[in-house]
Amino acid sequence: MHPFPCPPTGIRLKLLRLTSIIALFAPAPACAMITDMEIDILVDEGLAGCPDAPWLKEVAGRVLAAQGIGSQAELGLFITSQERIRELNRSYLGKDRPTDVIAFHMLSGGEESNFVLPPDGVLHLGEVVISYPQAVIQAEQQGHSVVRETAILIIHGILHLLGYQDEEPELKLRMAGREAEILGLIEDILKQAEAPGR
């Protein structure tokens, strides 16, 4: 898994709500979007083998629960192509190449910050954008399933939204340790998704 840079401090999700990201690529047909829940899932069409939206939502919800984030939180998860993530990486991070996952923060401060709910009572965490084709590549390199790699990227992206960093060796080790712990907590749904015939 390749670490990804967090957006510069000036880039906050006030400018990058999920609907704004989608609008950048209009028309952007989707095979699944959950809009009546606090975890919004958007999966681009044409991503053969991509886990379905309910499974993606369950993974994201369990990651948030593992981090003590309750029902008063909002998160966007966008599963897309190499081309789209490359465009986002170029437009917002100045890197003209595909990547596996990008997190667009809504929160400021580090993981030790005490979350204070905004006036609407909902903690707006931000958006996690994952390249499904990159997840397929990395799953093959790591010798595990694509659903497992997708879960790893969801965990990684959400931890970045919650303030975890991986630029320094000590921080990277701490983040990797937490990722492994959370992966263990969701092993049941990973095994179900990896089961033959699914």
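The values are calculated or read from the model by the stated rules, or taken from the named source; none is laboratory data. Treat the numbers as computed from the prediction; the structure is a model and nothing was measured. Because the Cβ atoms are built from the backbone with ideal geometry, glycine has one as well, and the counts that use them run over all protein chains shown.
For L107, state whether it is in a strand (DSSP E or B), of a type outside the set (D, E, K, R) and modelled with pLDDT under 95. Don't jump to the end; show me each part of the working.
Numbers: in a strand (DSSP E or B): no; of a type outside the set (D, E, K, R): yes; modelled with pLDDT under 95: yes.
In short, no.
Restricting attention to the stretch 67-85, and to residues there that are part of a helix (DSSP H, G or I) and in contact with a strand residue (DSSP E or B) (Cβ under 8 Å, 6 or more places away or on another chain), which single residue is surrounded by the fewest Cβ atoms within 10 Å (Cβ to Cβ)?
Taking the stretch 67-85 and keeping what is part of a helix (DSSP H, G or I), we get 82-85.
With the extra rule that they be in contact with a strand residue (DSSP E or B) (Cβ under 8 Å, 6 or more places away or on another chain), the set shrinks to 82, 84-85.
On the way: Q82: 16, R84: 20, I85: 25.
Within the stretch 67-85, the match that is surrounded by the fewest Cβ atoms within 10 Å (Cβ to Cβ) is Q82.
Return the pair list, or none, for Cβ contacts closer than 7 Å from residues in the stretch 153-181 that are more than 16 Å from G76 (Cβ to Cβ) to residues that are of a type in the set (G, A, S), at least 6 apart or on different chains.
G163/G109; G163/G110; G163/S113
Quick one: L64 ticks every box in (1) assigned to a helix (DSSP H, G or I); (2) more than 14 Å from the chain's Cα centre (by Cα) except a single one, so which number is it?
Of (1) assigned to a helix (DSSP H, G or I); (2) more than 14 Å from the chain's Cα centre (by Cα), only one is false for L64: (2).
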